[in-house]
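Taking it in order: structure first as structure tokens, then the write-up.
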Amino acid sequence: MSLFDWFANRRKSNSQVTEPQEREIADGLWTKCPSCGVLTYTKDLQSNQMVCLDCGHHLRIYADERVQQLIDPGSWLPLDENLAPTDPLGFRDRKAYHDRIRETQDKTGLIDAVQTGLGKLDGLPIGLGVMDFRFMGGSMGSVVGEKLTRMIERSTRERLPVVIVCASGGARMQEGMLSLMQMAKISAALERHRATHLLYMPVLTHPTTGGVTASFAMLGDVILAEPKATIGFAGRRVVEQTLREKLPDDFQTSEYLLNHGFVDAIVPRTQLKKTLAQLIRLHQPYAPTPLTTHAHGVYGGSTTSSVNGFTHVLEQTEHLPDGLPLRLSAEES
């Protein structure tokens, strides 16, 4: 065998060696964290409410998952499920607005960008609205404004606290002035809710921007946000060009807004339900108990009365002549 034939046979035998195939992984079995890059078993991630077990990054979740996380099983009552958007302006950009709506509905299975309803959060009845970023970036059109307004007004009638989970790119440009009107409509409903001394808490998630930030997202009695959420009105680049200044790296994050007083607390998703329940219980209207008096003696004894959750003890340290005032001390019951 010539040297040439030997090299030819060697190349041929090497070409027949099959390379080891990578093991195929079923779609959806593992999820890669976009922040730290760690692969996590999807079921473990879901059990931790889609918060990375390694770095704590909050992956985006949608309305159905949010309702399941916050509302007690079997207590959810959806409102205005069939309220659907129309195209009153006949708007068209690269495609007609009504075609864009239909395509988004088919892709997401949603009718519009918000779900509203009544339910119980840790046993406490509330009105809840949850925006869904999958539907045209969670943009606020006429349906979003109408559903949130109806939910707020019903909660006001039934004297329920309101929670709205915000995730939106702002007003929906395809509906023009009609979308901007929703800012005033929702704000007016929240003012009527506030006038009856009822609680409203928005939860700002990634991202909350535009007309949503400029209206109901910032009107809460207590404003909560998820960690590292983008929250703002105009985009970062627009602000930099307008101010002609370089902005901080953490500009328009929930941490930046907390430091500057726009947000009251940053709450990890795994603690959100517990925190909301604590705040609702703290702000529930107090029902005073009727005045009850129990006499335990005269001169040398005490008289006890319960008023507004406190026990007031009327004491005598010695036998006093009739007509002299008794000493009043207050002890918490």
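The values are calculated or read from the model by the stated rules, or taken from the named source; none is laboratory data. The model shown is predicted, which means the values in this text are computed figures rather than measured ones. We place every Cβ from the backbone using ideal geometry, glycine too, and count neighbours over all the protein chains shown.
Listed by first and then second residue, the pairs linking a residue in segment 34-56 that is on the phi > 0 side of the Ramachandran plot to a residue that is surrounded by 14 or more Cβ atoms within 10 Å (Cβ to Cβ) and assigned to a loop (DSSP other than H, G, I, E, B), with Cβ atoms under 6 Å apart and 6 or more places separating them unless they lie on different chains, are M50/L59; M50/I61. Would you confirm whether any residue within segment 181-196 is assigned to a loop (DSSP other than H, G, I, E, B), surrounded by fewer than 21 Cβ atoms within 10 Å (Cβ to Cβ) and either outside the structural domain of C166 (by TED's automatic domain parsing) or of a type in the set (A, V, I, L, M, F, W, C) (or both)? The answer is no; no qualifying residue exists.
When segment 150-173 is filtered for residues that are part of a helix (DSSP H, G or I) and either buried (at least 21 other Cβ atoms within 10 Å of the Cβ) or of a type in the set (F, W, Y) (or both), the ones remaining, listed by number, are M151, I152, S155.
Scan segment 218-231 residue by residue and report those that are in a strand (DSSP E or B) and hydrophobic (A, V, I, L, M, F, W, C). Across segment 218-231, the qualifying residues are L224, A225, I231.
Restricting to segment 112-137, give me the number of residues that are within 17 Å of L204 (Cα to Cα) and either without any contact (Cβ under 8 Å) to a residue 60 or more places away in the chain or not assigned by TED's automatic domain parsing to the domain that holds Q271 (or both).
7
Taking the stated definitions as given, is S254 modelled with pLDDT of 65 or more and either crowded, with 16+ Cβ neighbours inside 10 Å or farther than 19 Å from T208 by Cβ (or both)? In short, yes.
Out of curiosity, is Q241 in a helix (DSSP H, G or I), over 24 Å from L59 (Cα atoms) and out of contact with any His (no Cβ under 8 Å at 6 or more places or on another chain)? Judged against the criteria, Q241 is a match. Only one entry of T116, T40, T86 meets the criterion of being in a strand (DSSP E or B) and over 30 Å from H283 (Cβ atoms), and that entry is T40.
The condition of being charged (D, E, K, R) and at pLDDT below 95 holds for only one of K107, K147, K120, K95, that being K95.
For segment 197-217, filtered to residues that are in a loop (DSSP other than H, G, I, E, B) and polar (S, T, N, Q), the residue that is nearest to Y62 (Cα to Cα) is T209. In segment 94-111 there is at least one residue matching the filter, namely being assigned by TED's automatic domain parsing to the domain that holds T213, touching a residue at least 60 places away in the same chain (Cβ under 8 Å) and over 17 Å from A167 (Cα atoms).
For segment 178-211, give me the residue count where each residue is closer than 24 Å to Q252 by Cβ and out of contact with any helix residue (DSSP H, G or I) (no Cβ under 8 Å at 6 or more places or on another chain).
Going through segment 178-211 one residue at a time, the tally reaches 5.
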